[in-house]
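The values are calculated or read from the model by the stated rules, or taken from the named source; none is laboratory data. Just so it is clear, the model here is predicted, and its values are computed rather than measured. When we count neighbours, we look across all protein chains shown, and the Cβ atoms used for this are built from the backbone with ideal geometry, even at glycine.
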């Protein structure tokens, strides 16, 4: 099943690499400020991924339970990757003091929301497609992306997130072979995972496009009160009596 899935992935990746935000980078037109804005949005979706992957295991039954342990170990390995993205954001000149307590752009929320929707409302196996795109994009195209980022002035010390995923996702790719071969059982499953890859690629493209725009016209996304209340933190200029 993995070889069939990989064959279906190749044209999706090819289309993504020629999408407007990636073409902007390839042409040398992306700016450091735009990449900084992208890393801010990467932080938001990546911090959800460990818990999201653990959530998917709730639906494993029968022989699929054999994948619970690898899935959870994989999820654990994703912890703190959001901090790498935030570190790169700061290295590129960003102020991260309020970032954890702000809402992401709607397009970023849409990317994360799709994964939760796929798991909870559709075939949870489709989550493999979300994971497949995020794991194989950096290993297959990350080298080229980092070269182009270097060319526009992004220094190596601001590429910790991308460099880490180029390397660590090699091991994750090997896990994906096991996931695909053990969890994908028929053509319907394969179609489901392929659709999820396509959807993730499209939503990721939209997130990149929105982040690039936000570098020039920063949106006020508002406070994320769940994060603020969890840390019992009150932002500057907000009275305690205003906090729900």
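Just a few scattered comments:
- Of the numbered criteria (1) loosely packed, with under 15 Cβ neighbours inside 10 Å; (2) part of a helix (DSSP H, G or I), the one residue 29 fails is (2).
- For region 63-92, the set of residues classified as in contact with a helix residue (DSSP H, G or I) (Cβ under 6 Å, 6 or more places away or on another chain) and not in a helix (DSSP H, G or I) consists of 78, 79, 92, listed by residue number.
- Hits in region 130-170 (condition: over 14 Å from the mean Cα position of the chain (by Cα), within 25 Å of residue 119 (Cα to Cα) and in contact (Cβ under 8 Å) with a residue 40 or more places away in the chain): 168
- In region 84-119, of all residues being without any contact (Cβ under 8 Å) to a residue 24 or more places away in the chain and more than 16 Å from residue 45 (Cα to Cα), the one that is nearest to the chain's Cα centre (by Cα) corresponds to 90.
- Residue match in region 134-143 (condition: assigned to a helix (DSSP H, G or I), closer than 20 Å to residue 15 by Cβ, in contact with a helix residue (DSSP H, G or I) (Cβ under 9 Å, 6 or more places away or on another chain) and modelled with pLDDT of 95 or more): no
- Residues satisfying the stated conditions in region 95-123, i.e. assigned to a helix (DSSP H, G or I) and closer than 24 Å to residue 233 by Cβ: 99, 100, 101, 106, 108, 109, 112
- Filter pass, residue 56 being in contact (Cβ under 8 Å) with a residue 12 or more places away in the chain, more than 18 Å from residue 40 (Cβ to Cβ) and touching a helix residue (DSSP H, G or I) at 6+ places or on another chain (Cβ under 9 Å): yes
- The set of residues in region 26-47 being over 20 Å from residue 218 (Cα atoms) and in contact (Cβ under 8 Å) with a residue 12 or more places away in the chain consists of 26, 28, 46, 47.
- Filtering 169, 181 for residues that are surrounded by fewer than 22 Cβ atoms within 10 Å (Cβ to Cβ), at pLDDT 85 or above, within 20 Å of residue 68 (Cα to Cα) and out of contact with any strand residue (DSSP E or B) (no Cβ under 7 Å at 6 or more places or on another chain) leaves a single hit, 181.
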